[in-house]
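The values are calculated or read from the model by the stated rules, or taken from the named source; none is laboratory data. Please read these numbers as outputs of a predicted model, since none were measured by experiment. When we count neighbours, we look across all protein chains shown, and the Cβ atoms used for this are built from the backbone with ideal geometry, even at glycine.
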Amino acid sequence: MSRKRSASSARWLAEHQNDPYVVEARKRGYRSRAIFKLEEIQQRDRILRQGMVVVDLGAAPGSWSQYARPLLGPSGHLFALDILEMDGLPDVDFICGDFREQAVLDALQAKVGARAVDVVLSDIAPNLSGIGTVDQTASIYLCELALMFALENLKPGGTFLVKVFQGEGFEGYLKQVREGFSQVTIRKPKSSRPRSKEVYLLARSRRPV
Ligand SMILES: C[S@@+](CC[C@H](N)C(=O)[O-])C[C@H]1O[C@@H](n2cnc3c(N)ncnc32)[C@H](O)[C@@H]1O
């Protein structure tokens, strides 16, 4: 590792360890500070409810699933997917695989079966190469796949929450989401680092096909 790279890694580590959201997540037994982004959106927008069928894309290490599963109650279902392995969580049906691969998508679709999906969550973010344009293209591609999955599987009226990075392709993506959903809002949760270009699109009322 270069000296410059290791200095920035050390800075990241120090910042991460002192981050109040990291400390609070640990205290509450959550696997990641990402929990607070979903929690803030849930408290404001009430997207998750008892009995719902929910798919969590890019789920590892699992804080969104940890938070969402109890809200769905015993009659709800939560399907989670990540390219990385994830420690098991009670009543969470997890698939490990690359969402870009048709076989993985088929496996997820087979698990969901004929259930009408109420909510698709996507916090997927690609492994960063450090090259801005490459990372942005990879990220928008994953968002497009998540949108396609949502449009194919959500019931009319269903909800799609997706993390997107602002930059090249963002406006075009927003337009595609607006075509599929009648109510689309951009959310920037307080726990999302201000310098990060990430925002969440909350797309409600999937239009009937
Ligand atoms: C920000 S993390 C998600 C954090 C998660 N919401 C939580 O609360 O713990 C993004 C995840 O996207 C996953 N990911 C990236 N590319 C993927 C792909 N092609 N298929 C499936 N998952 C992918 C990463 O492995 C990573 O775990």
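Details
- Any pair with Cβ under 6 angstrom, 6 or more apart, that starts in region 74-96 at a residue that is without any contact (Cβ under 8 Å) to a residue 24 or more places away in the chain and farther than 11 Å from residue 60 by Cβ and ends at one that is basic (Lys, Arg) and within 9 Å of the ligand (Cβ to nearest atom): none
- Hits in region 137-177 (condition: without any contact (Cβ under 8 Å) to a residue 24 or more places away in the chain and surrounded by 14 or more Cβ atoms within 10 Å (Cβ to Cβ)): 138
- On the stretch given as region 21-41, residues that are more than 12 Å from the ligand (Cβ to nearest atom), surrounded by 10 or more Cβ atoms within 10 Å (Cβ to Cβ), over 27 Å from residue 130 (Cβ atoms) and free of Cβ contacts under 8 Å to residues at least 60 places away in the same chain total 4.
- Looking across region 158-185, the residues that are under 14 Å from the mean Cα position of the chain (by Cα) and either outside the structural domain of residue 37 (by TED's automatic domain parsing) or aliphatic (A, V, I, L, M) (or both) come down to 161, 162, 164.
- Scanning region 118-128 turns up no residue that is away from the ligand (no atom under 12 Å from the Cβ), modelled with pLDDT of 95 or more and more than 21 Å from residue 200 (Cβ to Cβ).
- Of all the residues in region 61-118, those that are in contact with a His (Cβ under 7 Å, 6 or more places away or on another chain) and either farther than 22 Å from residue 158 by Cα or not assigned by TED's automatic domain parsing to the domain that holds residue 202 (or both) number 0.
- Test: residue in region 93-110 that is under 29 Å from residue 24 (Cα atoms) and not hydrophobic (A, V, I, L, M, F, W, C): yes
- Restricting attention to region 106-136, the residues being closer than 11 Å to residue 57 by Cα and assigned to a helix (DSSP H, G or I) number 1.
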